[in-house]
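J.: Take a look at this one; I'll ask things after.
The values are calculated or read from the model by the stated rules, or taken from the named source; none is laboratory data. Fair warning: this is a prediction, and the values are worked out from it, not measured in the lab. FYI the Cβ positions are ideal-geometry reconstructions off the backbone, even for glycines, and counts take in every protein chain you see.
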Amino acid sequence: MSETVERVRSYTFEEFVDRVKSFHGYEAIGVIIGGFMIDLAYSRLPENGLIDAVCETSKCLPDAVQLLTPCTLGNGWVRVINVGRFAVTLYDKRTGEGIRVFVDPAKIGAWPELEAWFFKLKTKKEQDPEDLLKEARRARADMCGLQAVKVADWVRKPRHHGRFVVCPVCKESYPADDGETCLACQGKLAIEGHDRSSEPYFVLLENL
Ligand code: ZN
């Protein structure tokens, strides 16, 4: 394997695996494959673009984006639109044009360990993490499809530029656009990709 093929963005493969371990907590195969997917997307993007990202799952991919791009969940340059597909789009924030990389079921059959992992055909116990990592390293993004896309305006629009006010119920600040009280006090709680819930999202044990 040549030097260029073995790299994941600016890292050697080993360095990248170490970064994944320290950031994600363990050598998650999803983050490693995510790294290959991002590497592939970058290879198709113009140099020096201002890149934003969308992940279509909250699992693993957002961590790969945060490790390998300037986009973090905190700076808002990566958004999660959680439809449960293992796909990531990197796009130019000025034009919305970009590259979508997704795991393609029509291609993954050539990689039996990855297929078993992806479709959860084996339990964690049955799966040998060494074999899986080895196969992922050989496959890189070979089981992925690639699309040129234009990201819609509603995704690119910045959120909440309006005023913040104090909620009359909980006395904390919230975006005034959300209504008379904050969303928590309206009972509009949401974990991305799931139905809104009217359940309180925490129980107060003690005020410190
Ligand atoms: Zn409130």
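J.: So which strands (runs of 3 or more DSSP E) are wholly in segment 88-191 and hold at least 2 residues that are within 16 Å of the ligand (Cβ to nearest atom) and of a type in the set (Ser, Thr, Tyr)?
T.: 173-175
J.: Tell me which residues, restricted to segment 113-130, are surrounded by 13 or more Cβ atoms within 10 Å (Cβ to Cβ) and more than 21 Å from Ser43 (Cβ to Cβ).
T.: Those that are surrounded by 13 or more Cβ atoms within 10 Å (Cβ to Cβ) and more than 21 Å from Ser43 (Cβ to Cβ): Glu113, Glu115, Ala116, Trp117, Phe118, Lys122, Gln127, Pro129.
J.: Can you report the number of residues in segment 34-51 which are out of contact with any Leu (no Cβ under 9 Å at 6 or more places or on another chain) and buried (at least 16 other Cβ atoms within 10 Å of the Cβ)?
T.: 1
J.: Any residue at all in segment 60-77 that's among the hydroxyl-bearing types (Ser, Thr, Tyr) and surrounded by fewer than 16 Cβ atoms within 10 Å (Cβ to Cβ)?
T.: Yes, segment 60-77 contains a residue that is among the hydroxyl-bearing types (Ser, Thr, Tyr) and surrounded by fewer than 16 Cβ atoms within 10 Å (Cβ to Cβ).
J.: Among the listed residues Val31, Val80, Val20, Val5, identify the single one that is farther than 16 Å from Trp117 by Cβ, touching a helix residue (DSSP H, G or I) at 6+ places or on another chain (Cβ under 7 Å) and either modelled with pLDDT under 95 or surrounded by 19 or more Cβ atoms within 10 Å (Cβ to Cβ) (or both).
T.: From the options Val31, Val80, Val20, Val5, the qualifying one is Val80.
J.: Looking only at segment 136-170, count every residue that is of a type in the set (D, E, K, R) and either touching a Leu at 6+ places or on another chain (Cβ under 6 Å) or more than 30 Å from Leu114 (Cβ to Cβ) (or both) and tell me the total.
T.: Residues that pass the stated criteria total 5.
J.: Here's a follow-up. Would you check if Arg85 is in a loop (DSSP other than H, G, I, E, B) and under 14 Å from Gly145 (Cα atoms)?
T.: Judged against the criteria, Arg85 is a match.
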